[in-house]
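Throughout, read-outs are computed from the coordinates displayed, never taken from laboratory work. As the structure is a computational prediction, the values presented were derived from the model and not from experiment. When we count neighbours, we look across all protein chains shown, and the Cβ atoms used for this are built from the backbone with ideal geometry, even at glycine.
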Amino acid sequence: MAAPARKPAPDEPAPRKPPERQPPRPRRRGVWGFLLRWTAVLAIWGFVGLAAVVGWFAWDMPDMDEVELPTRRPSITLLAADGSEFLRLGDLVGDVVDSRRLPAHLVQAVLAVEDRRFFSHFGIDPVGLARAIWVNHNAGRTVQGGSTITQQLAKNLFLTPERSIRRKVQEALIALWLDWRYEKHEILTAYLNRVYLGAGTFGVDAAARTYFGKSALRVDLREAALLAGLLKAPSRFAPTNDPAESLKRASVVLDAMVDAGFVSETQATIAKSASLSSARGGPGGAGRYFADWVAEQVGAYVGREPRDLVVRTTLDVRAQAAAEQRLRAMLDGPGAQARAGQAAIVLMSPDGAVRALVGGRDWSDSPFNRATRALRQPGSAFKPFVYLAALETGMTPETLVEDAPIRIGRWAPENFEPGFRGSVTLTTAMAHSINTSAVRLLDRAGLDRTREVARALGITRPLVRDLSLALGTSEVTLVELTGAYGAFANGGRSVWPFAIVEIQDRQGRVLYRRQGGGGNGTVFPAGRIAQLDRMLAAVVEEGTGRAARLDRPAAGKTGTTQAHRDAWFVGFTADYVAGVWMGNDDNTPMARVTGGGLPARLWRDVMADVHQGLPARPLRGIAAPPPPAEAPARAAPDPAATDPLTALIRRLATGGPAPVRDDDVPLHLRDGGGNNN
C-alpha cells in the first residue's frame, strides 16, 4: 500500500516544477556556404588533376629554348646560258623579312584565311575552335581547322606532323607559352619566314622569288592572295604544279579579304583580273631531264658538302623548249601509230656544250633519263668509227669494197635492202648503210684499231671483240654517241659533252669555273675528218638519211637494230650536233621504224628550229684543207695474205647468202647483227 503524500507546511514554499524539455534547434547552414565549400574542394582537386594531365602531356615536350631551323634539302639554282633562271632543285629559304615591313595586303591575306583574330586572342582562339567544331559537325567531315597562327608556328618549330590528342595538347601549351613570351609581330614574323609554301620554298620571300621573280616586299594584291592560298595545301596549289588551281585558290583568298573588311569588292575584282608573273621552277618543268643530269655532276666539282648553290649551265632555253615540243608531237602523232613509246634528244655545240637534252616523253611520268642513262645498241650509227679506222689505214672515200654475201662461222650478216651491189665505193657503202661492206672494212681495218678510234672519240663503254661490232652491237648512251660525233663536226677534236660553266654559293663566291676545252684534243687530222664528213654528207643527200635534209649542208648517220627495237639518227651541221633515239623501255619492237624514218624527221625538225636566223655554212670538216692526193680508186688490199688470223677466219667461213637461225647466234649478235641500216 502506498504511503500517503505529505502535505507541505503552511510556511514551506511550494516545490518547483522541472522545466519542460525543449527539442534541439537545427543548425542553419546556408546554400551558398555549401556550394562555396564544395566548389573549393572541387577546384583544388581539379587543379591537381589538371596539373597531372598537363604534366603527363608535357613531360616529353621539346626544349623551347632550342629552336632549330626547318629541315630542308640544299638548293641548286640553275641558270641558262643567258643567265636566266630556268629551274631550281632542292629547298630554298629566302631572306628573313620583318612582318612589319611586308606589304599590308600580304599580311591581311594570310590573316583572312588563317587567323582573323590573331591580334586579339591569347595564342588559342576559343571562338574559332568552336566555329570549326560546329562547321565540321554539320558537314560530317573536317572542312575547317581551328588552329591559330601561333599554334601552327608551335607545330612548325617544335613538333612533328603527328595527328594525336597528345600532340594537339602540346601544341596548345606551346602556343600559350609563345603568346606570353613574344610580341604578336614577332610570332607573325617567325611564321611567315618559316612556313612551307610549295616547290621547295620555305617562307614568303623564297616563295615570291620562286613564283614571281621578286622579293616578298614587292608583291601586289593578287600575288599576295596566291601566296596566302598556298598555306592550305602548298604542293596542290603551287602555281608550278597547277596554275589553274592556284588562281582559283587566290580568288577564294580575295573573297575572304573582302569578308574580313581588309579590301573592297572593287579592289578584289581588279586583283582577280590582273596579270600574274609567270611561275618558274616547277618540279617537272622545261629542262628537268637536263637539270637532273647537271645535279648528278655538281658534287664531282665542288664536293658533297650540303649548301645552296647557283649553277650556270650551257642550256639554250629556246632550243630546249623546241626539242621538248617536237619530241612530244612526234610521239603523240606518228610515233604512236608506229608503236614508239619513248624518245630522247641531245643537242650540243661542236665544242661539246650541251644546249638541250630531253630524256623522255614526260619527266613527271618517268624521270628516268634515256639520254644519259639508257644503254642501247646504236646499230649502224656506230659505222662511222669503222670507216674512220679504214681511212686511217690509207683507204679513201673512193676505195672499193665488196657488197657480197659473207658468213663467219654460223653468223651471216644481211643487208637491210635486199640484194647485193658488188664492188662499191666506201662513200656508197656508207650512204646506203651496207652491212656486208662494213663487216669487211672492220675485218681489214682491224678490231683493235676500230676500238681505239671509238675510244679516242669518247666512247667509254665496253666494246665487243668480234666483227659484229661493225653493226653496232655494243651498247652506248645517246649523250656519249652524240659527243663522239662532235669530232666529226669540229674537224677532229674530241669533246666531252658538258653542261656546267660555273658554280657559286649563295654569297656569290665562285667555287668552280670551266676553263679551256675538254676531251683529248685533236685526235684525227682535219683532212681525214673531211673525208669522213663527205661520206656522212652523202648519207643525208642520197642515202638512208634523206629525211634529215635541211636548207643547209648537213651530215649524219642512221641506225636501226634487229627487229626495229632501236632507231637512231645522229648528225651535225657547222653549228650544232644532235642525236635522236627512239624505242620502247621494255625493248619491244616498233612497227618497222628505222633510223632514216621517224628519228631522222625528228632530228630535222629540231635542227630547223634551232637554226632559224643562222646563215647556212659549209661543214667545218669539208671546209678543211684536203688530205694529200691519193691514188685512183682501187680495191682495198686483202689482209688475208698477211694476217694469219684473218686467213683462218676465211678458211672457216662457209660462204653463201643463206641466213642462220637466231638460236645459232649469240644474243649480242642477234640484236643489231642482221638488218641494221
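Table for the structure above
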{"quantity": "Cut-off under 5 Å, modelled amide H: who pairs with residue 309 long-range", "calculated": "75, 76, 77"}
{"quantity": "Taking 301, 485 and counting other C-beta atoms within 10 Å, the order from fewest to most", "calculated": "301, 485"}
{"quantity": "Equivalent ellipsoid semi-axes, the range 272-370, via Cα gyration tensor eigenvalues times 5, rooted, Å", "calculated": "26, 21, 14"}
{"quantity": "Backbone N under 19 Å from the residue 448 label point (7 Å along Cα→Cβ), restricted to the range 461-479", "calculated": "462-470"}
{"quantity": "R0 of 30 Å, Cβ-Cβ distance residue 510-residue 84: FRET efficiency to nearest 0.05", "calculated": "0.95"}
{"quantity": "Cβ-derived FRET efficiency at R0 25 Å, residue 100 paired with residue 127, nearest 0.05", "calculated": "0.45"}
{"quantity": "Cβ-based exposure ranking for 568, 180, 603, in which fewest neighbours within 10 Å come first", "calculated": "180, 603, 568"}
{"quantity": "Full-extension gain in nm, residue 305 to residue 461, via 0.36 nm per residue minus C-alpha separation", "calculated": "53.1 nm"}
